[in-house]
1. Among the listed residues A:GLY146, A:GLY211, which satisfies the condition of being more than 25 Å from A:LEU227 (Cβ to Cβ) and of a type in the set (Gly, Ala, Ser)?
2. State whether the residues of region B:261-271 include one that is in a helix (DSSP H, G or I) and within 20 Å of B:PHE336 (Cβ to Cβ).
3. Tell me which residues, restricted to region A:282-297, are modelled with pLDDT of 85 or more and more than 7 Å from every other protein chain (Cβ to nearest Cβ).
4. Could we say that B:GLU389 is loosely packed, with under 14 Cβ neighbours inside 10 Å and either touching a strand residue (DSSP E or B) at 6+ places or on another chain (Cβ under 6 Å) or at positive phi (or both) here?
5. What are the residue pairs meeting all of these: first residue in region B:113-130, first residue touching a residue at least 12 places away in the same chain (Cβ under 8 Å) and loosely packed, with under 15 Cβ neighbours inside 10 Å, second residue assigned to a helix (DSSP H, G or I) and basic (Lys, Arg), Cβ atoms under 8 Å, and 6 or more apart or on different chains?
6. Going by the conditions given, is B:THR243 under 18 Å from A:ILE285 (Cβ atoms), in the same structural domain as B:TYR191 (by TED's automatic domain parsing) and touching a Cys at 6+ places or on another chain (Cβ under 7 Å)?
7. Checking B:ALA222 against (1) over 24 Å from the mean Cα position of the chain (by Cα); (2) part of a loop (DSSP other than H, G, I, E, B); (3) of a type outside the set (D, E, K, R), which single condition isn't satisfied?
8. Hey, B:THR292 hits all of (1) more than 9 Å from every other protein chain (Cβ to nearest Cβ); (2) closer than 26 Å to B:VAL146 by Cβ; (3) in contact with a helix residue (DSSP H, G or I) (Cβ under 9 Å, 6 or more places away or on another chain) but one; which does it fall short on?
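The values are calculated or read from the model by the stated rules, or taken from the named source; none is laboratory data. Values in this document were obtained by computation on a predicted structure and should not be read as measured data. For neighbour counting, all protein chains shown are included, and Cβ atoms are generated from backbone atoms with ideal geometry for every residue, glycine included.
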Amino acid sequence: MTVFLQNLINALQWGSFYALIAIGYSMVYSILMLFNFAHGDIFMTGSYIGFGVATAMIALSAAGMIALPNWLILVLTILFSMVLTSFLGMFIERVGYRPLRDAPRASAAITGLMIGIILETGNLILLGAQRIKFPALVQPVTYDLGGVFVTNQKIMIVVVSLSLALALHQFIRRTKWGMAMRAMAFDYLVVPLMGVPINKIAAMTFALGSGLAAAAGILFGVAYPVLDPYMGIVFGWKAFVAAILGGRGSILGATLAGFILGFIEIFVAMVFPSTLRDFIAYSIILMILVFRPYGLFGEPYSVRLRL
Amino acid sequence: MRTSNDTQNTTRRFGRMRDFFQEVPLLGWLLGALAAVSAEKFAGLDLAHLVDLPRIPVLFGFENALKKPELIPGTVCYVLLIYLAPALLAGRLLQSPANRLAAFLSGRWPAVSIAFHLALLYAVLHTWSDVNDYRLIVVKITLIAVMLTLSLNVINGYMGEFSCSHPGFMALGAYAGSIFTIVLFTNSSMYGKALLPPAIGPYLYPLALVVGGCVSAVGALAVAIPSFRTRGDYLAIISLAFTFIVKSLIENLEIVGGPRGMRGQPDWSNLPTVFACTVICVGVINNFVRSTYGLALNAVRDNEMAADAMTINTQRTKMIAFLFSAFWAGVAGGLFAHVLRYVNPGTFGLQQLAEVLAMMYFGGLNSVYGSIVGAVSINLLSEMLRPLEIWKWIFIPLLLILVMIFRPTGLIAFREFDPLRLIQSRAKSGS
């Protein structure tokens, strides 16, 4: 039982990374109907930007310019990096996706893949191939809850990611901008006729998605403090799987599917040899999709497929 | 005023150049290329020393020019003298006999004419790759890439799905083919002594490739059957999951070497075999997509419901397309394994997927031409830019993004590939 609970907590942490990245994927996917294959690399870039911001702030406070406690540095790092990465996301949308809005969707997918490669390579050129250690901002404290060990890092990661997901959900449900986004997901041909600035909405979608990916990147850096330029690839593709598994355009579905993917991976590794993890995880996903071909929360849609 | 005049002059000059070479048929160009590569074979080294190059430039001198800029003039001279001059001269000089021969052959025996062209093409490739081993590997890998790209185009281009399962198909073919040859014809540490005399191996090698293709086609059922109920993005995920599953399965099967991979494949993927397989693949796929099956694929892509109403059996069509495409991907995988003589599951991952998708969409959807052009150009480009090291991975993606922005369906999309038109005489009427 304790083993189960322990793994449950690990799975919650692992799933929150997937969930945060999958939300960004799912938003872009539902609103613009395209695969943003660069998203995993935006996650990676966000993590590196967070590293830069955190290092700069630690250096500043060590030099006595500003006196900040570590937790405040972490909060500021997350906020700053989210903003900076949002600009990166908007730039990518402007350069790589907007010119292709009426092109076949697969072409935009290829652009995304290529932008991802450019981000990885640019990172390699700028910082070299050595792995980078993320500065330790949170002193780990372990709580013992009847044999189950919980660190404050894990609690923070799960709480931060859940509250970000919830905030986004509220934003999309309650605000006018959110309504515009939902409308665009519903029918992007009619929406501009209603006076909704679709270019602004598209840019905002990318900004929000990239911001969440940056948050995931920093949280990942806190939990596993070693960064390398290719860490986004696997995360990106798995988040893609989670986003589709959740169903088209469902923030809730993407979050849930991210956690489900995390749970499957952790629990498969608990029961079976860990080399079988991918095999079993993807077999389960394949089965889910065979029986629910439109994802968990998705509906069959008859919109023109522009592949 | 002056610039517009200049532009006009340039256009006119290029126009005149084009007129000058307009009537050279494919046969003439092949003969010209043969002249160029023969010139390189017999005089290449001497000329290279004459223009201060240490050795024959491997891929048209790009690697020299990018690494050591002082070699650029020599390289330019070399390329002009060895490749361009003989090819253009021979092509132009042989224009009228080549035209007459092409007209004669394609008028009487089109099959003979095609065989003759293919033989010439093979001679060109053989002579060119004879100069060193690196070229040979590049040619083989490029030909295999043509097969892969073309088979991907059947699903992604002609049927309009976004399939990510090609690395998985390739892995199945590579492993099945390797097991076939290693178990039957070689004494290996993994599977013991050869079961059949190794001498007959090379003759049964095509069978190994076919076995690889068939295993891959059986594996494709895992993607084809779900495709009845779903399409588009969900099928993309299913096919992606298929790739991950195959890779993970191979990693966990100790009997095929697990993550360490498998080595010791006999060296039977020589240039004639790879060339023959590629030619057969291009021919068969080209005939397939121009047949009623191919048209049915297009109908399913454009509107599945309407296709169904027009009495097309959509399930059967999808099934055939997936199995057919997977078969050729498997054959390509088998060849690939025997070229490198080593496979490991890591080869067939996301990197391979990105590569083959890039080649296909760069070349063009729904087009045999496009796939050939895409595979050859991306492969050669990535080999030629090798001296740029890491910057290569900035330039190639940028190029692809630009192509996607300015030609969203790829360079040569929706073009029919008609070999008979390609080889006919280009002479203006009256000759």
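1. The match here is A:GLY146.
2. Yes.
3. Of everything in region A:282-297, just one residue is modelled with pLDDT of 85 or more and more than 7 Å from every other protein chain (Cβ to nearest Cβ), namely A:ILE284.
4. So B:GLU389 passes the test.
5. If the second residue must be assigned to a helix (DSSP H, G or I) and basic (Lys, Arg), the pairs left are B:ASP130/B:LYS41.
6. yes
7. (2)
8. Tallying (1) more than 9 Å from every other protein chain (Cβ to nearest Cβ); (2) closer than 26 Å to B:VAL146 by Cβ; (3) in contact with a helix residue (DSSP H, G or I) (Cβ under 9 Å, 6 or more places away or on another chain), B:THR292 fails exactly one: (3).
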